[in-house]
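Working notes for the structure below.
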Amino acid sequence: MPAGNDNGPEIKAAPALRDKLRKLGLVRRDDLILHFPLRYEDETRITPIAEAPGDGPVQAEVDVFDVSVQFRPRRQLVVRVADDTGELVLRFLNFYGSQTRQFEKARDEKRKLRVFGEIRRGFLGAEMVHPRCRLVGTEETLPASLTPVYPTVAGVSQSVLRKLITAALADSDLLELLDPEWCSRHSLPGFEKAVRTLHAPPPDVSEGALQSRVHPAWRRVKFDEVFAQQLSLRRAYVARRQKGAPVLHSSGQLARNLLASLPFSLTSAQQRVGDEIAADLAQPFPMQRLLQGDVGSGKTIVAAVAACHAIDAGYQAAFMAPTEILAEQHYLKLRAWLTPLGVEVAWLAGSLKKQIKRVMQERAAGSAHLVVGTHALIQESVDFARLGLAIVDEQHRFGVAQRLELRRKGYNPHQLMMSATPIPRTLAMSYYADLDVSVLDELPPGRRPITTKLVSDVRRSEVIARVRGSVAAGRQAYWVCPLIEESEKLQLQTAIDTHGALTAELPDLRIGLVHGRLKADEKAATMAAFAAGEIDVLVATTVIEVGVDVPNASLMVIEHAERFGLAQLHQLRGRVGRGEHDSVCVLLYQTPLSETARARLKVIYENTDGFEIARHDLHLRGPGEFVGSRQSGVPLLRYADLEADTDLIEWAHALAEQMLRDDPERANRHLVRWLGGREEMLRA
Ligand code: ADP
Ligand code: MG
């Protein structure tokens, strides 16, 4: 970390206020400067009551002629006011004595009152509910700029924030950290101008452009924000390359043996990504590569090839998956692939009995070449003898903390992270800029397209008939139970009920049940029976969401599909269409559908490409959900919008690389301004 990590002066305020400000992320003076308004109120002009438009708030200047408390329909303060053009009723449902007295004072002393709010014209005339009111001082003029309204928390009033921010602005030199010429080439104003415009916009500013955040001042601030993010991630990327990692020189023989034993050959995308990984492993610094590939694109074999390289070079590899079902399935597959080649594959999961675990751990420490398991692999006291490569499947399911754990334990292995939740390009470029990214953009040949059907729940019996038909034709089916987010217990009960109902309705079919509460070996036994064709219909909760691979299963029914997220539906649907049979995914939904549920179902119905679905998802949900645990507890981009501000992200990406190379000191100043001591949290 470069020197000079002085975060700048702290905010001067009483301790109680400081605590509240901290909740807003406001600690240093610079934080105040970068705390920009949510919106503005125009108090620069007075609107005559009669001329107020029906929509949007206005400011009126009025005389008070009556103040009363009424009790019907409920207790409220009613203040009757007027200007030269008309009368207005102010209504307050919750009010204090001091408010009442303020109005009485205005009435008795004939003082003018400025009221700000939306005028509604009802049956009883014009009225304002809960307007903001202020007695006007003698000689008081109208403010010269729009009034900012800041994000705040209880106990910190707008006027306190405004005072603090005004003072901070007066104190700071608002130093320009970007090349002015670069800025003008990109039509961005200077830092000082942008900041002052946003905190105190002159009345002639385009209010629309400010509100919709496309004003050049907003663009500059948003650029600075994404630029800080890019600098931080890029610096982490560079720093990682300065750390040592074992150089895994592989002869490639083991990988060749593996490929020769497979019934298929790699797609060219798999080939290309495999080469990228092999090249990374031979570097003296740790690989940190994210492998993205849609459901079914064949990431497992790519990971297995990578593991072969590590083993070939005399090191161990660890393969972690987020659930036991998935980890176990990987274990079985990897063992089948690799044991014949003389590789020792060990299994280690959280629920293994202590005794076995101890033996397994010893093997992890010693003879095992490849250790497969859940994140128990890093959480428990497993010591690897020579860990060279850590593979993390379904990376998005793991928290940053779990991945950091590896490093904390003193390992600095090469890391391959795999994700079937495709990350849209702009998102990858911003939040994942510290990783190298490979994409499997090709599905293995011979995949049959999956037909998606949207079926209302009232036609459930037709769906059951379809299940019966499918099994009669020799296929198998998944029946996914509704997601009940609020209660795991309810979710479990629903799964059991569904299993019971289907068993009653399809008495001659073999119906299995798998859910998260089963013991690991029970789960494994059920999954194995399903894979072996001993179960016709597998009733399941979302435990089967990721990775599960049973090619003969060609029908999936998802109950209450409207409750699931897009990524989840895509993952679930990816469990079928894995064999040579035509596959169908039936999305059962319950009416009435909410608007967002309808939008989601439409996306999943119309799209099969995971990237396309992810793009819609980003649009529907925003980035917060996407980056999930990676960013847990960390402010996401506050101002920039990944969809609207793609150009800014691209510029920032390029400029970050350049500035870190040419002027790291200036880059550091920018980082400190935006992130202060919080930079650490933006990566890992
Ligand atoms: P995912 O990327 O979703 O993890 P998997 O690795 O589970 O996908 O692969 C899905 C299925 O495709 C598996 O049955 C796997 O053996 C098979 N597969 C992988 N690569 C190929 C290929 N090049 N040709 C044919 N089948 C393949
Ligand atoms: Mg997978």
Worksheet item: With respect to LEU332, is the statement that it is away from ligand 1 (no atom under 16 Å from the Cβ) and either modelled with pLDDT of 70 or more or outside the structural domain of ALA520 (by TED's automatic domain parsing) (or both) true?
Response: no
Worksheet entry | Filtered residues of the range 116-141 (kept if touching a residue at least 24 places away in the same chain (Cβ under 8 Å), assigned to a loop (DSSP other than H, G, I, E, B) and open to solvent by 100 Å² or more (accessible area, probe 1.4 Å)) | LEU124
Worksheet item: Taking the range 16-65 only, how many residues are crowded, with 16+ Cβ neighbours inside 10 Å and aromatic (Phe, Trp, Tyr)?
Response: 2
Fill in: Long-range neighbours under 8 Å by Cβ, at least six apart or interchain, first residue under 16 Å from ALA465 (Cα atoms) within the range 547-558, second of a type outside the set (Phe, Trp, Tyr) and within 13 Å of ligand 2 (Cβ to nearest atom)
MET556/ARG575
Discussion item. Out of THR166, THR152, I need the residue that is in contact (Cβ under 8 Å) with a residue 60 or more places away in the chain, closer than 20 Å to PRO37 by Cα and among the hydroxyl-bearing types (Ser, Thr, Tyr). Which one?
Written reply: THR152
Fill in: Per-region count, the range 484-520, residues open to solvent by 80 Å² or more (accessible area, probe 1.4 Å) and touching a Leu at 6+ places or on another chain (Cβ under 9 Å)
1
Item to complete: Among what's in the range 436-453 and is surrounded by 20 or more Cβ atoms within 10 Å (Cβ to Cβ) and over 20 Å from HIS581 (Cα atoms), pick the residue that is farthest from ligand 2 (Cβ to nearest atom).
Response: SER438
Item to complete: Mind listing whichever residues of the range 554-565 are open to solvent by 10 Å² or more (accessible area, probe 1.4 Å) and either part of a helix (DSSP H, G or I) or among the β-branched types (Val, Ile, Thr) (or both)?
Response: GLU562, ARG563
Practice prompt. Return the residue satisfying two criteria in turn: it lies in the range 659-684 and is basic (Lys, Arg) and at pLDDT 90 or above, and of such residues it is most open to solvent (accessible area, probe 1.4 Å).
Written response: ARG661
Practice prompt. Select, from GLY298, GLY366, GLY314, the only residue that is open to solvent by 10 Å² or more (accessible area, probe 1.4 Å) and touching a Pro at 6+ places or on another chain (Cβ under 8 Å).
Written response: GLY298
Item to complete: Check the range 257-273 and report whether any residue there is hydroxyl-bearing (Ser, Thr, Tyr), near ligand 1 (Cβ under 10 Å from one of its atoms) and in contact (Cβ under 8 Å) with a residue 40 or more places away in the chain.
Response: yes
Worksheet item: Within the range 566-602, which residues are in a helix (DSSP H, G or I), surrounded by fewer than 19 Cβ atoms within 10 Å (Cβ to Cβ) and among the hydrophobic types (A, V, I, L, M, F, W, C)?
Response: ALA597, ALA599
Practice prompt. Please work out which one of (1) open to solvent by less than 20 Å² (accessible area, probe 1.4 Å); (2) of a type in the set (Gly, Ala, Ser); (3) outside any helix (DSSP H, G or I) is the condition GLY533 fails and give its number.
Written response: (1)
Fill in: Unique residue being at pLDDT 90 or above and open to solvent by 80 Å² or more (accessible area, probe 1.4 Å) when the list is ASP173, ASP108
ASP108
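The values are calculated or read from the model by the stated rules, or taken from the named source; none is laboratory data. Remember, predicted model here, so these are calculated numbers, not experimental data. As a convention, Cβ positions derive from the backbone with ideal geometry for all residues, glycine included, and neighbour counts pool all protein chains shown. Just so you know, the surface numbers come from the protein's heavy atoms only, side chains and all, with ligands and any DNA or RNA stripped out. Shrake-Rupley method; radii C 1.70, N 1.55, O 1.52, S 1.80 Å.
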